[in-house]
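The values are calculated or read from the model by the stated rules, or taken from the named source; none is laboratory data. Given the structure is predicted, the values throughout are model-derived calculations rather than measurements. Glycine also receives a Cβ, built like all others from the backbone with ideal geometry; neighbour counts cover every protein chain displayed.
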Amino acid sequence: MSPLPITDMSFDDLLPSTPPLDEETPFATMMGLFDEAAEKLLIEATAYSILRKPDREITVAVPVKLDDGTLAVFDGYRVQHNMGLGPFIGALRLDPNLRVDELRALAGWMTWKCAVMNVPFGGAAGGIRINRNRRSRGELERAVRRYTASLIDVVGPDRDIFSPGRAADEEVMGWVMDTISSHERHTTTAVVTGKPTVLGGSSHHHDSVAQGLRVILKLAVEHYDLLGDAESLSVIVQGAGSVGGNLARLLRTEGHRVVGLADVHGGFYNADGLDIDALLDFKEETGSLEDAPGDFERLTNEELLTRRCDVLIPCAVPNVITIRNASGVNARLVVEGAHGPVTARADRILESRGIPVVPDILANGGGVVVHYFEWVQNRMGYSWLEAVVSNRLRRFMTEAWDAVVEMKVDRKVRLRTAANMLAVTRVAAADKMRGVFA
Amino acid sequence: MPTGTAAAEDTPQIDEFNPFQAMAERFAVAADHLGLEGGVRDVLRTPDREMTVAIPVIMDDGSTRVFRGYRVQHNFSRGPCKGGIRFAPDVNIDEVRALAAWMTWKCSVVDVPFGGGKGGVICDPRELSETELERITRRYTTGIMDILGPDRDVPAPDINTNERTMAWIMDTYSMHVRSTTTAIVTGKPLALGGSKGRTEATGRGVMISCREAMQKIGMRPEDARVVVQGSGNVGGIGAMLMHREGMRIVSLSDMYCSVYNDRGLDVPAVLAHLREHRTLETYKEADIVPNAEQLQLDCDVLVPAAVENQITSRNAADIKAKLIVEGANGPTTVIADKILEERGVVVVPDILANAGGVTVSYFEWVQDRAGFFWTEEIVNSRLELIMTNAFQAVDETAKKYDVSLRIGAYILAVDRVAKVYKLRGIYS
């Protein structure tokens, strides 16, 4: 048999460089925030040093026979940051621009987020450097299955759990579950979360972040007494997808005025409140909010962020509130629905203007909590009713909020610092209790 | 008479102060009542498995010392073995065996799906550094790893071991099996899969047993004057909870002395004083009584919640209480038992009264297996349910066989294990 022809290496999804773990990486930047928290907590350097390096990193080659009969070898990674609190959990990404140092940052981030939300996991992140849009479904499936099989020694319900990430949807999670189950010779649902409901997915997994945001928003509004004598709040939501869209609907149902909404194409503003259902229905039909009819002012995303409102909730992409527009933000509270929507320097500007920011690690933690619930339900082999999931989600969000606020009051720091300090406290305590295995 | 060859010889004479002989004697009485034939009786008296391991450890000064460790699994008919690990210089295999058997009966009384186990390492923790203790714990865990597991044998804290030790065991086991295994051990810190309500579980169980027993003998909580021997995890927390139930706690004690006030102590204040000053001797709001006289104080309920062999042939006749609730393990000797029974004093036995601890350990194991953790209210309400059911079952058994609650508890426990044993049959 002749060897398979090797395709040329001009694909954009092959052969990344693997930068070393130095000080100029996203991981180091992310850790800088938590180093600061550790210093404030007076945690000994030795107790904290284990957190400054990921526990384990695995690189695998992912050979895939393409539809034309040629062979391509993709790169796959899994970074497992810290297992003090329990098995690892983290996203699986399918991304042509995948970089190890970003995965390291993402894995570390998950460690802290799980700690704040008090779910018994450590953080991980991984993915395949592959461009989903350029690959057939069959090629993609073969890549995901091969990647999973290569990692089988380090993943498992009590080792490392995959959750959906960029371009990896519930269909992909189903392939992962099937590959592991086939290898293990028994059904293993708890190894992946974000699965389709028929394969053990949890109810509310599509709108978990929005549900969590709603709880946090309510608590924050009480804490800062934003409502006063008014009956409802005016809210601007940036983003109209599973986070922003669902949140806008929930807030409208609760009687709040969603005065602004945006998707990638631009935003809408109406000081009396938008007709959210009409807008989102239009988006569902046409795939976009562009050209949606209605009574509102059309503006750019940039303009929307500086419009007047009680609460501004950026739920779309990172770095939307920056030094350029932070001084123009016209809200009384900012809640980070997206990952890192406020830059570090913008954060300081908002602080100096007296606008509190509820940090992402707390505000959008509903996602990981429902992933945790899915894992619990899979372990028991018993699915909870939707109402049970939402009650328990409310409990976890409330407990996390209370713990962060307690830290904030105790240490006289702002919410973001308090959340980071809470995370470091919990992870360092678990690592210290467990000691060093030798 | 036992007929099996593997059975240990019955020790011919009873040493009043050997709590393990006391346990064996009570087992024998229960087995007689149940008419257990020789073979089954032998099986239930013989530990299923015993393991002795050498524990070589590099000490902080670079020298090597070899410690000796044991794990005894008394009976796993009803489920994986459950029981503490103690670190003490006087650990010996006989004691470990007896304590393992004791755990079998205790788990059976409260009907949690475990058999009894016990382990220990011969060492003096006062002479060891933290790092040496950690190395001992990890090497001991590795040594007995083949017989441990969430579905095999689940250790817990005991004398000189604590949640820190349990965290080391959990970590060692998890690293060896290459996956997080919290259900391998109970009594862990909350952050590593521990259960809410565990610290106060034994005290809460004592309170519940006491309340049930009072209802049984028609004593109203508000009329009850209660003497509690001890003021730690069991006595102190038990007293606090009984105080909240409206009972009048007239005396509490620590190692040095007892405090007494016939109108009832301000229990929170006494415990706060103890926390602050580490002794009750300086407490001013009550009379100070020597410990030797505490048990004979005029009262309605006596809760010995300190150490074994407190109510003996010497003082049993002078006890004024009508009800005794055993918070400690083995506080009443066999001879004292007989004296109390003749005098009509009701004794709620240790294997029922202080089983709240193992019950919440069971809850911890359940929560770890699910990976989902209960609120404190749920833990407490489920504990309440298990304790009241166990009390009722013991009471009914005692009535049925016309025996004391203690013998009733042993009959119930032995019968449950024997029934499961017969159902499973002998694997060969």
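Taking the options A:Asp402, A:Asp431, name whichever one is assigned to a helix (DSSP H, G or I), modelled with pLDDT under 95 and not polar (S, T, N, Q).
Of A:Asp402, A:Asp431, the one residue that is assigned to a helix (DSSP H, G or I), modelled with pLDDT under 95 and not polar (S, T, N, Q) is A:Asp431.
Please indicate, with yes or no, whether at least one residue in region B:189-210 is in a loop (DSSP other than H, G, I, E, B), without any contact (Cβ under 8 Å) to a residue 40 or more places away in the chain, within 14 Å of another protein chain (Cβ to nearest Cβ) and out of contact with any His (no Cβ under 9 Å at 6 or more places or on another chain).
Looking through region B:189-210, at least one residue is in a loop (DSSP other than H, G, I, E, B), without any contact (Cβ under 8 Å) to a residue 40 or more places away in the chain, within 14 Å of another protein chain (Cβ to nearest Cβ) and out of contact with any His (no Cβ under 9 Å at 6 or more places or on another chain).
Go through (1) out of contact with any Leu (no Cβ under 8 Å at 6 or more places or on another chain); (2) over 26 Å from B:Ala156 (Cβ atoms) and name the single condition B:Asn309 misses.
Result: B:Asn309 fails condition (2) only.
Would you check which residues across region B:156-188 are closer than 23 Å to B:Gly327 by Cβ, charged (D, E, K, R) and either away from every other protein chain (no Cβ under 12 Å) or more than 22 Å from the chain's Cα centre (by Cα) (or both) and list them?
B:Asp158
(1) away from every other protein chain (no Cβ under 14 Å); (2) among the hydrophobic types (A, V, I, L, M, F, W, C); (3) within 30 Å of A:Val198 (Cβ to Cβ); (4) touching a residue at least 40 places away in the same chain (Cβ under 8 Å): which one isn't true of A:Leu393, the others all being true?
(1)
Select from region A:63-109 the residues that are within 14 Å of chain B (Cβ to nearest Cβ), more than 17 Å from the chain's Cα centre (by Cα) and either part of a strand (DSSP E or B) or within 20 Å of A:Thr29 (Cα to Cα) (or both) and list them in ascending order.
Hit for region A:63-109 is A:Asn82, nothing else.
If a residue must be among the aliphatic types (A, V, I, L, M) and in contact with a helix residue (DSSP H, G or I) (Cβ under 7 Å, 6 or more places away or on another chain), how many such residues does region A:252-267 contain?
Count: 3.
Answer with yes or no whether B:Glu377 is in contact with a Gly (Cβ under 7 Å, 6 or more places away or on another chain), closer than 30 Å to A:Arg395 by Cβ and of a type in the set (D, E, K, R).
Spelling it out, it is not the case that B:Glu377 is in contact with a Gly (Cβ under 7 Å, 6 or more places away or on another chain), closer than 30 Å to A:Arg395 by Cβ and of a type in the set (D, E, K, R).
What are the residues in region A:335-386 that are within 14 Å of chain B (Cβ to nearest Cβ), touching a residue at least 60 places away in the same chain (Cβ under 8 Å), over 15 Å from A:Asp207 (Cα atoms) and assigned to a helix (DSSP H, G or I), if any?
A:Trp375, A:Gln377, A:Asn378, A:Arg379
Considering only helices (runs of 4 or more DSSP H) fully contained in region B:316-412, which possess at least 2 residues that are among the polar types (S, T, N, Q), more than 14 Å from every other protein chain (Cβ to nearest Cβ) and touching a residue at least 24 places away in the same chain (Cβ under 8 Å)?
B:356-370, B:376-401
Within the set of pairs 6+ apart or on separate chains, which have a first residue in region A:294-323 that is more than 19 Å from A:Ala220 (Cβ to Cβ), a second that is among the acidic types (Asp, Glu) and in a loop (DSSP other than H, G, I, E, B), and C-beta atoms under 7 Å apart?
A:Gly294/A:Asp275
Looking at A:Asp207, A:Asp153, A:Asp160, A:Asp225, which is the one that is within 14 Å of another protein chain (Cβ to nearest Cβ) and under 28 Å from A:Ala419 (Cβ atoms)?
The conditions single out A:Asp160.
Are any of the residues in region B:167-188 surrounded by fewer than 24 Cβ atoms within 10 Å (Cβ to Cβ), more than 29 Å from A:Ile161 (Cβ to Cβ) and either of a type outside the set (A, V, I, L, M) or in contact (Cβ under 8 Å) with a residue 12 or more places away in the chain (or both)?
No, every residue in region B:167-188 fails to be surrounded by fewer than 24 Cβ atoms within 10 Å (Cβ to Cβ), more than 29 Å from A:Ile161 (Cβ to Cβ) and either of a type outside the set (A, V, I, L, M) or in contact (Cβ under 8 Å) with a residue 12 or more places away in the chain (or both).
Tell me the residue from A:Val357, A:Val335, A:Val329 that is closer than 30 Å to A:Val192 by Cβ, at pLDDT 95 or above and not small (Gly, Ala, Ser), please. Before the answer, list the steps.
Details: A:Val357 fails: closer than 30 Å to A:Val192 by Cβ; A:Val329 fails: closer than 30 Å to A:Val192 by Cβ.
The conditions single out A:Val335.
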